Structures are given as C-alpha cells and as structure tokens.
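The values are calculated or read from the model by the stated rules, or taken from the named source; none is laboratory data. The model shown is predicted, which means the values in this text are computed figures rather than measured ones. Every residue, glycine among them, receives a Cβ derived from its backbone with ideal geometry; neighbour counts consider all protein chains shown. In case anyone asks, the SASA skips ligands and DNA or RNA and just uses the protein heavy atoms, side chains included. Shrake-Rupley method; radii C 1.70, N 1.55, O 1.52, S 1.80 Å.
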Amino acid sequence: MTLTQQLVTIGMVILGTVLTRFLPFLVFPAGKPTPGYIRYLGKVLPSAVFGLLVVYCLRNVNLLAGSHGIPELLSILLVVALHLWKRQMLLSIAGGTVCYMLLVQLVF
C-alpha cells in the first residue's frame, strides 16, 4: 500500500469507530424515551446472539468420528456450571474456552 492508501485506510477506520460510538447518542438523545422496538431488541438480541454462537460452534461436531464431541460436551457443561455458580459471563466463556483448548490439545 502506498502512503496515501494507508492514510485513507486509517482515516476510514477512525471515522467508522467514531460513527459507531456517537451515532446512538445522536439518534436516541437522553431527554427522549427510547422507542419500544429498540427496547424489545435490547431484550431479545443477547439471547439470539448466544444461540447463534452455540449453533456456530457446534456445527462441525461429528458424533460418529474422532473424539465423538466429548471435549465440546464437557466444555459446555463447564460453561453452564460456572454460569449457574458465579453468574459472570466472562468467567463462564473463559472457563469453557480454556477447558476446550486443554482437552483438545492435551487429552484428545
């Protein structure tokens, strides 16, 4: 990339970041009530995103070959147990990821 292309790329990244940070405050100012559909999306989208992540992560698991999905199942059980115990999403995700990586790298 030339210097001009690099500067344009950096400028576009900065513009995109600034826009995504400030646009919600401009569209939904503090003095006005938030529209109902935005509140609805705020309630249902987190669950939908996690559902999509589970499907995405388990889409290539073959129960008839290799480790038969055992590392995935154990990691999912750990995530659920950690979440029910501590109710901290970051701890649950990190614990499941570390468990899965250790099982795949060291055990299976």
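For the reader, a short list of remarks on this structure follows.
- Relative to the longest principal axis of the Cα atoms of the chain, helix 36-58 runs at roughly 40 degrees.
- FRET efficiency for N62 and K86, using Cβ-Cβ distance with R0 set to 35 Å, rounded to 0.05: 0.65
- Folded to 0 to 90 degrees: helix 70-86 orientation relative to the chain principal axis, Cα: 60 degrees
- Given charges at Cβ of Lys, Arg, Asp, Glu: the chain dipole, positive-most of T34, N62, C99: T34
- Between the residues S47, A81, I10, the greatest Cα displacement towards the positive end of the dipole of the chain, with unit charges on the Cβ of Lys, Arg, Asp and Glu, is found for S47.
- The relative contact order of the chain comes to 16 percent, based on Cα pairs under 8 Å that sit 6 or more residues apart.
- Measuring nothing but protein heavy atoms, the accessible surface of the chain at 1.4 Å probe radius is 74 percent carbon and sulfur.
- The residues of the stretch 5-108 expose, per residue, 83 Å² of accessible area to a 1.4 Å probe.
- Using a simple spin-label model with pseudo-atoms 7 Å out from Cα toward Cβ, M1 and L15 lie 1.4 nm apart.
- Acute angle (nearest 10 degrees) that the helix 89-102 long axis makes with the longest principal axis of the chain, alpha-carbon atoms: 50 degrees
- Note on the chain: with charges restricted to the Cβ of Lys and Arg (+1) and Asp and Glu (-1), its dipole about the Cα centre is near 420 debye.
- Shape of the chain, Cα gyration tensor, a/c cut at 1.5: oblate
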